[in-house]
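Presented below is the structure to which this report refers.
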Amino acid sequence: MRKVFLVVSFTLLCIVGWMSTINIKSLYLLLILLPLIGLGLFDMFQSKRTIRRNFPLLGRMRYLLESIGPEIRQYFIETDLEGKPFNRLERNLVYQRSKKEMDSYPFGTQLDLYEVGYQWINHSIKAIPFSHVDLHPRVKIGSSQCEKPYEASLYNISAMSYGSLSKNAILALNSGAKQGGFYHNTGEGGLSPYHLQFGADVVWNIGTGYFSCRNEDGTFNFDEYSKRAQYEQVKMVEIKFSQGAKPGHGGILPKEKVTDEIAEIRLVTKGHDIISPPSHSAFKNPLELMDFIKLLRKGSGGKPIGMKICIGNKSEFISICKAMVATKTYFDFITVDGGEGGTGAAPIEYSDHVGMPLRDALAFVYDCLNGFGIKDQIKIICSGKIVTGFDIIKTLATGADLCNSARGMMFALGCIQALECHANTCPTGVATQDPKLVKGLVPEQKSVRVARFQFETVKSAMDLMASAGIAHPDEVDRHVVSMRVDRTTIQTFAETYPELEKGCLLDEDTVPKKLKPFWKKATVESF
C-alpha cells in the first residue's frame, strides 16, 4: 500500500499538471491534493502508528470509524433490546416520560417470558383503584437517636458530583427536585452553590476526600463540615464508603474538568487529577465509625446520618452491624449501591467485576439488619439501574425502603448514552465542563423534564402496587415479585432470598450456616 500510495499520488499530480495546460484553474485542485499527499507522506515516515505507516492516508479511516462506532451501533445497528448499559426501550421510556409523551407500547411485550431471569409482579384480584393511590408517598428516615427526621420521596436523584456533571446539569437537577419535592444527592464532589440555589432538599455525600469539609492535608475538618451541614437545604448527610462504578477504588475527577471554581468548592488545588483515597482517614475500625456518626450528627444539629456502600466482603458489613448493636449507635439510613451502578469514569475491570449486584446486596443488607434486630431503626435506600416503576418495585420487594437514580435522571436531562462521560466531550452538556457544550443545556427547560420523569416513574410504581393490592411502599415484600430460575421453575423473591429470623444474628448459636463464617470473622475492632 505504501507503493500504491506513491504511484497514485504521482499519477494524480501528473493529471493535474496535464489539466492545467488546458485550464490554468485546474491548479486549484492542488489545494486539496497537496495536503492529502503531505498527510500520507507523514504517515509513511512516522513510527507510532503501524496501520497508518503501512496504509498511508487510508489508515486514518480506521480511527475515524472507531471514533464513531458507538453512534453507528446505537442509531443504525442495535435492536430495541440490545443497547448497553441501557437498551433503547429503557432510554425511550425515560425520554417519553420526561417530555410527558405517550409511553404506551402496542402489540405486546418484546421480552422472552420464558428466558431465565425474567421477572414479573404478582397482581391481585383485590386490586386497588388507581384513584385511591397516593402518588406522592413519603418514607420517614430517622432512628430513635435522630432529632430531625426527614420525610423522603420514594424516588430521588442519586449521587452525582458537580465537576463530573456540568453546572447547568446540577442546576437543572436541583430545580427539578425542588419542583417535584424529592431530594438531590450531591455526590462526593462537595456541596456547591448550584446544589443550594433553588432550595431543593439536599443529601450531602461525604466521601474519602472530605470535599467541602477538609483540611489542606485531606483530613476531615469538623468546623467546615458543621458550617455546611446546618444549612436548611441539607436534610441528610451520607458517608460514602464505596460506589457501584468502582468500589474500593476512590473517585476520579480528571484534571481537564478541574476549574478554579471546582477547586474552591472542594477545598483542593487544581492542575492535577483529583483522586479520592480508597478508604477513610477519619476512622479506622467500626467502633471509631460509631464515634464519627455521633460527631456528624452533632455537627448537623441532629439530622439523619447514613452511609453509602457497595457490598464486597460480607464480614466487614457484619462488623459494622455488630458495632451498632454494641454501642447502641445507629445509622439512620444505609444506601446500597449495586455493582451495576455508575455514571462516570472507572476502569473496566472495576465496572465489570468488582462489587455485589444490587439485588443480592439488598437482600444481604436487609437480612443483616433484621438479623441483628436493628432494621426498625434504619431505612435502606438503593441505587443501580433503576429507571422504571417495575425497577422500583423489584428493589422494594428485595428489601429497600426507597430508591435513587443517577443515569435515569441524566437521560431526563437529555443524555444520549454517548459514553463520553470521562472525556469532557459529552455532546449534551451533561457530563462536561466545556463551556461551549454546557451552554447547550438549558436548566429552565431540562428541570421540568426531570420533575416530570420522577413523577411519572413514581406514578407507574404506585399503579403497579395498586394492581398487586398494595397501598403503600412499606407493604411491598418478597412475595410480590416472581422470577424464572430455569425454563420450568418459578420462584418468588421470598423463595430465592428467604428472610432471616429477626434477632438471629445476635447470638452465635442462632446464626444461619451460610453466614456463620462471615459472622465469626467480623469484629468491632477492625473491618
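The values are calculated or read from the model by the stated rules, or taken from the named source; none is laboratory data. What you see is a predicted model, and the numbers here were worked out from it, not measured in a lab. Neighbour counts are summed over all protein chains in view; Cβ atoms, including those assigned to glycine, are modelled from backbone coordinates with ideal geometry. What goes into the accessible areas is simple: the full protein's heavy atoms, side chains included, and nothing from ligands, DNA or RNA. Shrake-Rupley method; radii C 1.70, N 1.55, O 1.52, S 1.80 Å.
Worth pointing out:
- Scanning the stretch 192-222 for residues that are open to solvent by 40 Å² or more (accessible area, probe 1.4 Å), more than 20 Å from residue 307 (Cβ to Cβ) and touching a helix residue (DSSP H, G or I) at 6+ places or on another chain (Cβ under 9 Å) yields 193, 197, 198, 215.
- Tally, over the stretch 482-502, of residues that are open to solvent by 60 Å² or more (accessible area, probe 1.4 Å), touching a helix residue (DSSP H, G or I) at 6+ places or on another chain (Cβ under 7 Å) and hydrophobic (A, V, I, L, M, F, W, C): 0
- Taking the criterion of being within 21 Å of residue 244 (Cα to Cα), part of a helix (DSSP H, G or I) and in contact with a Pro (Cβ under 8 Å, 6 or more places away or on another chain), the residues of the stretch 317-335 that qualify are 319, 320.
- Qualifying residue in the stretch 398-408 (condition: within 14 Å of residue 160 (Cβ to Cβ) and open to solvent by 30 Å² or more (accessible area, probe 1.4 Å)): yes
- Taken as a whole, the stretch 174-182 holds no residue that is at pLDDT below 95, assigned to a loop (DSSP other than H, G, I, E, B) and not hydrophobic (A, V, I, L, M, F, W, C).
- Answer residue from the stretch 414-432, given it is among the hydrophobic types (A, V, I, L, M, F, W, C) and surrounded by fewer than 16 Cβ atoms within 10 Å (Cβ to Cβ) and is nearest to residue 92 (Cα to Cα) among those: 419
- Matching residues in the stretch 278-287 - criterion: being surrounded by 14 or more Cβ atoms within 10 Å (Cβ to Cβ) and within 20 Å of residue 222 (Cβ to Cβ): 280, 281, 282, 283, 285, 287
- Flag if residue 505 is touching a helix residue (DSSP H, G or I) at 6+ places or on another chain (Cβ under 7 Å), surrounded by 15 or more Cβ atoms within 10 Å (Cβ to Cβ) and not in a helix (DSSP H, G or I): yes
- Answer from 238, 151, 232 - the residue that is touching a residue at least 60 places away in the same chain (Cβ under 8 Å) and either farther than 23 Å from residue 421 by Cα or not in a helix (DSSP H, G or I) (or both): 238
- Test for residue 435: is it over 30 Å from residue 314 (Cα atoms) and open to solvent by 60 Å² or more (accessible area, probe 1.4 Å): yes
- Across the stretch 451-467, the number of residues qualifying as of a type outside the set (Phe, Trp, Tyr) and open to solvent by less than 20 Å² (accessible area, probe 1.4 Å) comes to 8.
- Out of 172, 152, 127, 159, one residue alone is surrounded by fewer than 18 Cβ atoms within 10 Å (Cβ to Cβ) and of a type in the set (Gly, Ala, Ser). It is 127.
Let's see how each residue does on (1) small (Gly, Ala, Ser); (2) surrounded by 10 or more Cβ atoms within 10 Å (Cβ to Cβ); (3) within 24 Å of residue 10 (Cβ to Cβ):
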position	(1), (2), (3)
25	no, no, yes
30	no, yes, yes
58	no, yes, yes
66	no, no, no
104	yes, no, no
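- Meets criteria (open to solvent by 10 Å² or more (accessible area, probe 1.4 Å), farther than 21 Å from residue 406 by Cα and either among the small types (Gly, Ala, Ser) or in a loop (DSSP other than H, G, I, E, B) (or both)) for residue 268: yes
- Filtered by the rule that a residue be open to solvent by 30 Å² or more (accessible area, probe 1.4 Å), farther than 19 Å from residue 464 by Cβ and not polar (S, T, N, Q), the stretch 357-396 gives 357, 360, 366, 373, 376, 379.
- Candidate set: the stretch 508-527, residues that are closer than 23 Å to residue 289 by Cβ and not in a helix (DSSP H, G or I); chosen: the one most open to solvent (accessible area, probe 1.4 Å): 525
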